[in-house]
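For reference, the structure is listed below as structure tokens.
Please treat every number below as a calculation from the coordinates, not as lab data. These numbers come from a predicted model, not from an experiment. All Cβ positions, glycine included, derive from the backbone under ideal geometry; neighbour counts span all protein chains shown.
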Amino acid sequence: MTFQPKTLICCDCKNNFIFSAEQQELFQSRGFGNQPQRCLTCRQMYEIKHNENNAASQNKSGFTSDIFGKLLRLRQRYVNPL
């Protein structure tokens, strides 16, 4: 199947962006059924914001800091045994 470049509209900034034939082939090979909804810039901003929110929620629960503390104590035990 041959793909043709498509012009799509970003759902965040409303600017046009090109969904190239190569990108379409990649999407198909990975089994993605939908077209991208964000341009590259907005997609990168979305990922940064999403990662920051995940990190903040993990820190609020104490999960990340608890694991880090345990790893630090284990490292100290094996690096500096009593």
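Amide H contacts under 5 Å for residue 12: 39, restricted to partners 5 or more places along the chain or on a different chain, H placed in the peptide plane at 1.01 Å from N.
For segment 1-53, which chymotrypsin sites (Phe, Trp or Tyr not before Pro) pass both filters: DSSP loop (anything but H, G, I, E, B) and at most 16 other C-beta atoms within 10 Å? Let's see the in-between values first.
On the way: sites: 3, 17, 19, 27, 32, 46; in loops: 3, 32.
The qualifying sites are 3, 32.
Let me make sure I get this right: for segment 10-54, a, b and c are the square roots of the gyration tensor eigenvalues over alpha carbons, sorted descending. Under 1.5 in a/c it's rounded, otherwise prolate if a/b > b/c, else oblate. Which is it?
It is oblate, given that a/c is not under 1.5 and a/b is not larger than b/c.
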